[in-house]
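The values are calculated or read from the model by the stated rules, or taken from the named source; none is laboratory data. This structure is a prediction, so every number in the text was calculated from the model and none was measured. Neighbour counts are summed over all protein chains in view; Cβ atoms, including those assigned to glycine, are modelled from backbone coordinates with ideal geometry.
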Amino acid sequence: MVPPTRRATKPAVPEQLGFAGMPERLFVCTPSKLGAYTDCPRRYRYSYIDRPSPPKGPPWAHNSLGASVHTALKNWYMASPERRVPESLPSLLKATWVREGYRDVEQERVTYQRALDWLESYVATLDPEDEPLGVERVVAAKTGILALNGRADRIDNRMGPAGPEAVIVDYKTGRSGLSPDDARGSQALALYAFATERMFRRPCRRVELHHLPTGAVVAHEHTEESLARQVRRAEETAQDIMAAEKAVAGGADPDAEFPVNPGSLCGWCDFRKVCPAGASVAAKDPWTAVEHLSA
Ligand code: SF4
């Protein structure tokens, strides 16, 4: 058994100090920050608290692929409507292509071609005249506990039964297909909808996942109650994080307050090599998740 690694890190600094009589500061977060804690408190600590941050593993090819496709679609919408034509896609994708993580040039070449195929199929479903409310748009909102912000891939402007509505669109480039449960259960999508509704002062209840490899769209219609439920869960997570940070600041063992959560995510974790639980998990190659594209 690998002995737990005691890292020499600066003590965690609580985000909320809470002096008597002073209002508590809000917990500043993104959906991915909250998600990191929910997935694994130790990974959260490595990412957001320990300074200097533990060294990460090498870049992942699937992250490069996702970033390339997302930026190409962003730049598609940045162009004027008459320039949103399929012929522009190769240069858009080439300009945004991230090369890191691939096994070799041949794998990268095949993956680039697949990504281009996905984009061509996808933009064929778009109306070039459509102007979304936002593309890679930062949305933000506050609650009694959270100062929430995040970047939505796209916020569509659509006509609903009672007037204009905002719709959250999130692009997916992963291998596995999606089910409506993925859209329903996504806390990130719900928090984007919550913040968008407040910022744009119009209903934003529909969230959609657009899976580029298959062209599938899975959607969920939130209600006021379901959005409130997701916000409440996010607040509970924030309170757990703040309690752990305060405990560490008060002398508690950081390893106990931010425990490991070993599981299938460990193979994909950037901190696998420095984490006592991850060290025993079989390593994935940086290109494992894109290997099927070149098979
Ligand atoms: S390797 Fe696993 S247990 Fe360790 S930080 Fe990463 S996800 Fe958590």
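Which of the residues that make up region 241-295 are surrounded by fewer than 16 Cβ atoms within 10 Å (Cβ to Cβ), at pLDDT 95 or above, more than 16 Å from the ligand (Cβ to nearest atom) and part of a helix (DSSP H, G or I)?
If the condition is that a residue be surrounded by fewer than 16 Cβ atoms within 10 Å (Cβ to Cβ), at pLDDT 95 or above, more than 16 Å from the ligand (Cβ to nearest atom) and part of a helix (DSSP H, G or I), then Ala243, Ala249 are the ones that fit.
Taking the condition of being in contact with a Pro (Cβ under 7 Å, 6 or more places away or on another chain), touching a residue at least 60 places away in the same chain (Cβ under 8 Å) and closer than 18 Å to Glu120 by Cβ, how many residues in region 49-106 meet it?
Counting residues in region 49-106 that are in contact with a Pro (Cβ under 7 Å, 6 or more places away or on another chain), touching a residue at least 60 places away in the same chain (Cβ under 8 Å) and closer than 18 Å to Glu120 by Cβ gives 1.
Within region 102-121, is there a residue that is under 30 Å from Ala147 (Cα atoms), in contact with a Phe, Trp or Tyr (Cβ under 6 Å, 6 or more places away or on another chain) and outside any helix (DSSP H, G or I)?
Checking region 102-121: not a single residue is under 30 Å from Ala147 (Cα atoms), in contact with a Phe, Trp or Tyr (Cβ under 6 Å, 6 or more places away or on another chain) and outside any helix (DSSP H, G or I).
Out of Ala183, Ala216, Ala193, Ala234, report the one residue that is over 19 Å from Pro132 (Cβ atoms) and either crowded, with 21+ Cβ neighbours inside 10 Å or touching a Pro at 6+ places or on another chain (Cβ under 7 Å) (or both). Give the derivation first.
Details: Ala183 fails: over 19 Å from Pro132 (Cβ atoms); Ala216 fails: either crowded, with 21+ Cβ neighbours inside 10 Å or touching a Pro at 6+ places or on another chain (Cβ under 7 Å) (or both); Ala193 fails: over 19 Å from Pro132 (Cβ atoms).
The conditions single out Ala234.
Of Glu136, Glu165, which residue is touching a residue at least 24 places away in the same chain (Cβ under 8 Å) and more than 30 Å from Leu293 (Cα to Cα)?
Result: Glu165 is the single residue among Glu136, Glu165 that is touching a residue at least 24 places away in the same chain (Cβ under 8 Å) and more than 30 Å from Leu293 (Cα to Cα).
Report yes if Thr223 is within 27 Å of Leu119 (Cα to Cα), more than 16 Å from the ligand (Cβ to nearest atom), more than 19 Å from the chain's Cα centre (by Cα) and without any contact (Cβ under 8 Å) to a residue 60 or more places away in the chain, otherwise no.
In short, no.
Of the residues Ala279, Ala190, which is within 30 Å of Tyr122 (Cα to Cα) and among the small types (Gly, Ala, Ser)? Break it down stepwise before answering.
Values: Ala279 fails: within 30 Å of Tyr122 (Cα to Cα).
None of the other options fit; the residue is Ala190.
Can you find a residue that is within 16 Å of the ligand (Cβ to nearest atom) and either in a helix (DSSP H, G or I) or of a type in the set (Asp, Glu) (or both) anywhere in region 192-199?
No.
If I ask for residues that are more than 13 Å from the chain's Cα centre (by Cα) and either modelled with pLDDT of 95 or more or within 15 Å of the ligand (Cβ to nearest atom) (or both), which ones from region 19-36 would you list?
Of everything in region 19-36, those that are more than 13 Å from the chain's Cα centre (by Cα) and either modelled with pLDDT of 95 or more or within 15 Å of the ligand (Cβ to nearest atom) (or both) turn out to be Leu26, Phe27, Val28.
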